[in-house]
Amino acid sequence: VKPMTPRCTVPKAVPVGKRASLHCHENEGYPKSTYSWYRNSEPLSPDTKSNAKLQNSSYTMNPTTGTLVFHAVHKGDTGRYSCIATNDAGFAKCEEQEMEV
């Protein structure tokens with residue numbers, strides 16, 4: 001079963017240095033969806049350790065739960081965030097939401 005449009009929760013504004021949690025979830029898809037996050041239409045890597053560009057990145061992403069957590073946001077984290085739920089039957093995307101730091 002193709003995933004439904006996921007419900008995305010993105011904080012509107014977060015002070016620099018604070019923690020921010022973004023959530024993405026849908027429960028119609030079967031098999032269970034995995035989630036990927038995008039900032040300004042660019043995919044965010046779920047594995048920040050192996051990507052040299054993201055080595056000092058302050059977020060962790062859980063593709064199973066759809067949670068994206070910034071441990072300490074900085075100005076560069078400002079942007080439009082969206083999430084895509086994917087399974088074998090297809091994918092669905094939530095609307096972009098702005099997060100300001």
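Tell me which residues, restricted to segment 68-101, are hydroxyl-bearing (S, T, Y) and open to solvent by less than 50 Å² (accessible area, probe 1.4 Å).
T78, Y81, S82, listed by residue number.
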- prompt: Which residue pairs have Cβ atoms closer than 8 Å, lie 6 or more positions apart in sequence or on different chains, and pair a first residue in segment 76-91 that is charged (D, E, K, R) with a second residue that is open to solvent by 40 Å² or more (accessible area, probe 1.4 Å)?
  reply: D77/R39; R80/R39; R80/N40; R80/S41; R80/E96; R80/Q97; R80/E98; D88/P31
- request: Need at least 1 residues that are of a type in the set (A, V, I, L, M) and at pLDDT 95 or above per element, so show me which strands (runs of 3 or more DSSP E) inside the chain make the cut, counting only ones lying wholly within it.
  value: 20-25, 67-70, 79-87, 90-93, 97-99
Residues of segment 1-48 classified as open to solvent by less than 40 Å² (accessible area, probe 1.4 Å) and closer than 14 Å to V69 by Cα, total: 13
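The values are calculated or read from the model by the stated rules, or taken from the named source; none is laboratory data. Fair warning: this is a prediction, and the values are worked out from it, not measured in the lab. Glycine also receives a Cβ, built like all others from the backbone with ideal geometry; neighbour counts cover every protein chain displayed. Note: areas computed on protein heavy atoms with side chains; ligands, DNA, RNA excluded. Shrake-Rupley method; radii C 1.70, N 1.55, O 1.52, S 1.80 Å.
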